[in-house]
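S.K.: Starting off with a structure, shown below.
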Amino acid sequence: MRGKSRVDARPGVVLETGAAHVRVATTEGHEVHVLPNAIARTRPGARRQVLVGDLIESECLDYGGLQLRLPIDRGLVVDWQAQKAVWDRALVRALGCSSDTFGALRGHTVIVTEPYFLLPEQQRAFDMLLFEWYEADAIWRTTPAQLVPYAMDPCPDAMVVVDVGHSYTHAVPVVQGAAQWNAAQRLDMGGKVLTHLLKVMFSYRQWNMMDETYLIDKMKAASCFVAARSEPLAYRRGDEPRGPPSSWSFEQFVEHFHRHSANPMVQQYVLPDYATPDDVKDPNTKYGYVLSGPPAPTHPIVSDDELDAFIAGPSRRTAGPQTEHQVLRMGQERYQLFEYLFSPDRIGLEQGPLHELVAQSIQRASPAAQDMMWSHVVLTGGSARVPGLRQRLEHELRMLAPDDVPVHVYLPGDPLDAPARGALALLHAAPTSAARQALEAHLVTREAWQKHGGGALTPGERGGTALGDQRFDGWNTIVQPEE
């Protein structure tokens, strides 16, 4: 009788670590837990709090002026103490262990993600923390793009994963499960830059919102969308746009707002004041709410059928606030913000737009896989949720792709947790499947890591992490051409 595989003999844990969120899941459960990757401190006063991870969402009494301590900034772990604190909260929630997490992953296989192109010394620190503190039995330290293919059914042989993340946007070609790092491209813009731009827009035009990063991020998710194209296909200036709003160009939105300052697309957004603890009891209003205009979506992903209603649906006025609250007008900001992904030069960023980034990545990939990549562009990351982004990117890529090649852009369910779901699919795969064999080929056990030197080495040496360089298929495995 055939014995069980190494992975089959122990439970698995997924620790998907992004700059904005940590996603954690186990093979013994079916839920992907999403936690803010931050430590938050509220404003001074009688209700001052310090909150870690998921407690920011569940126990905070005042989101106004929330100060955030972020472990990851611009693709680097800048605060390992904070990162460990968030991981501890994630494991407490997923595994039900005590707050003392020493040895919490003993007996587990762990798939953990790292930022793209992470520095070697930081990769070594990842391994040391997982093996020496949490005592994981085996790990695969990888990137989100390498896990996304396993979240798709069926999984194509070649694709381009476009990860619209918090600090950056990456386009990574993946062929038969292996990332082609020489063809990967980066745009120095992500959700953090866009949130900051929205703060500046509001602060210049209406209220000073420069200290309200957390609330503005929530407003961005509730109100913003992407125009179908930059310029109309057949249109004369001064003409009223025809067709549903989901088909309008950025230029048509601009002209429409100039002619009609009050129109069905304008939202009145009520800001919370957190005067009493009751202000945060209702999850539908604790970050503010839409008083009038198109309502905020009730689901993270707005479907194609719901897009027109989200942009300019029937205005629904909710009951007004019981006390005097500040109200922000969400008008042009709704469509202007994400346009910067397609014209980064408007903010002085000397890089090409998102669609050119993807096209360059495809053109640098293996020639035999390029046609399939145009047909399998996969959006992931928190900012990939914005309504209209998939349609806009598909339209722009169509104009860059060869005429005889179809172009399709996909959302793999919820793009925020797609890598975590791909990792779970690997851990749940049948012992004889190709997916399980691929996982086992990438794993490094604690015993093997220690045998190769572990973490007790001088700076600059790789020790046990050198074994991961061989097995993890990270950017460190790029083969340089011979001169």
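S.K.: Rounded to the nearest 500, what is the chain's calculated 222 nm mean residue ellipticity when only DSSP H runs of at least 4 contribute -39500 (n - 2.57) each, over all residues? Before the final figure, lay out each step's value.
M.R.: Details: 16 runs with 140 residues, N = 483.
Rounded to the nearest 500, it is -8000 deg cm²/dmol.
S.K.: Quick one: with all protein chains in place, what share of the accessible area of the chain is carbon or sulfur, to the nearest percent (1.4 Å probe)? Before the final figure, lay out the partial values.
M.R.: Working: 10880 of 21480 Å².
So the carbon and sulfur contribution to the accessible surface is 51 percent.
S.K.: Please work out the C-alpha center-to-center distance from segment 52-116 to segment 141-185 and express it in whole Å.
M.R.: 24
S.K.: In addition: Roughly what % of DSSP beta bridges within the chain run antiparallel, to the nearest 5? Mind dumping the intermediate values first?
M.R.: Values: 38 of 55 bridges.
So the antiparallel bridges amount to about 70 percent of the total.
S.K.: Another question, then. Given points 7 Å out from each Cα along the Cα-Cβ axis, report the S98 to A448 separation in nanometres with one decimal.
M.R.: Rounded to a tenth, the inter-label distance reads 3.3 nm.
S.K.: If you project the alpha carbons of segment 273-392 onto the principal axes, what extent comes out on each, in Å, largest first?
M.R.: 62, 34, 28
S.K.: Over 18 Å between C-alpha atoms is what I'm after, so list which of K192/K218; K84/K281; K192/K286; K84/K199; K84/K220 land there. Don't jump to the answer; show the numbers that get you there.
M.R.: Numbers: K192/K218 12 Å; K84/K281 29 Å; K192/K286 22 Å; K84/K199 30 Å; K84/K220 28 Å.
Pairs exceeding 18 Å: K84/K281; K192/K286; K84/K199; K84/K220.
S.K.: For segment 38-90, what is Rg from Cα atoms divided by 2.2 N^0.38 Å, rounded to two decimals? Don't jump to the answer; show the numbers that get you there.
M.R.: Working: Rg = 11.5 Å, N = 53, 2.2 N^0.38 = 9.9 Å.
For segment 38-90, the normalised Cα radius of gyration is 1.15.
S.K.: Now a separate question. Sequence gap at least 6, Cα distance under 8 Å: using those rules, report the relative contact order of the chain to the nearest whole percent. Please list the in-between numbers first.
M.R.: Details: 926 pairs, mean separation 85.5, N = 483.
For the chain, the relative contact order is 18 percent.
S.K.: For a quick check: with amide H placed at 1.01 Å from N, whose amide H comes under 5 Å from M209's, ignoring anything fewer than 5 positions away on the same chain?
M.R.: Distant-sequence amide H within range of M209: S203.
S.K.: Calculate, for the chain, the solvent-accessible area per residue in square angstrom, rolling a 1.4 angstrom probe over the heavy atoms of the protein chains.
M.R.: On the way: 21480 Å² over 483 residues.
That works out to 44 Å² per residue.
S.K.: Sort out the exposed loop chymotrypsin sites (Phe, Trp or Tyr not before Pro) in the chain (DSSP loop, at most 16 other Cβ within 10 Å) and tell me the longest stretch that has none. Kindly include the intermediate steps, with their values, before the conclusion.
M.R.: On the way: sites that count: F102, F117, W207, Y235.
The longest uninterrupted stretch comes out as 236-483.
S.K.: Over segment 173-283, what per residue volume does the convex hull of the Cα atoms give, in whole Å³? Intermediate values should be presented prior to the final figure.
M.R.: Details: hull volume 24.8 nm³, N = 111.
Taking the convex hull of the Cα positions in segment 173-283, it is 224 Å³ per residue.
S.K.: State, to one decimal in nm, how far the label point of R48 lies from the label point of V254, with both points 7 Å from Cα in the Cβ direction.
M.R.: Each label point is offset 7 Å from its Cα along the Cβ direction, giving 4.7 nm.
S.K.: Given (1) 0.98; (2) 1.03; (3) 0.94 as candidate values of Rg/Rh (Cα atoms, Kirkwood Rh), which corresponds to the one derived from the coordinates?
M.R.: It is the value labelled (1).
S.K.: Could you work out how much longer the chain between W207 and N263 gets when fully extended? Use 0.36 nm per residue separation minus the Cα distance between them, nm to one decimal.
M.R.: Numbers: separation 56, 0.36 × 56 = 20.16 nm, distance 2.14 nm.
Gain in length upon complete extension: 18.0 nm.
S.K.: Follow-up question, since we're still on this one. Rg(Cα) of segment 103-146 divided by 2.2 N^0.38 Å?
M.R.: Values: Rg = 10.5 Å, N = 44, 2.2 N^0.38 = 9.3 Å.
For segment 103-146, the normalised Cα radius of gyration comes out at 1.13.
S.K.: May I ask you to compute the full-extension gain from W80 to S366, defined as 0.36 nm times their residue separation minus their alpha-carbon distance, rounded to one decimal in nm?
M.R.: Numbers: separation 286, 0.36 × 286 = 102.96 nm, distance 3.73 nm.
Full-extension gain reported as 99.2 nm.
The values are calculated or read from the model by the stated rules, or taken from the named source; none is laboratory data. Bear in mind that the values here come from a model prediction, so they are computed numbers and not experimental data. Please note: Cβ atoms are built from the backbone with ideal geometry, for glycine as well, and neighbour counts cover all protein chains shown. Heavy atoms of the whole protein, side chains included, go into the accessibility calculation; ligands, DNA and RNA do not. Shrake-Rupley method; radii C 1.70, N 1.55, O 1.52, S 1.80 Å.
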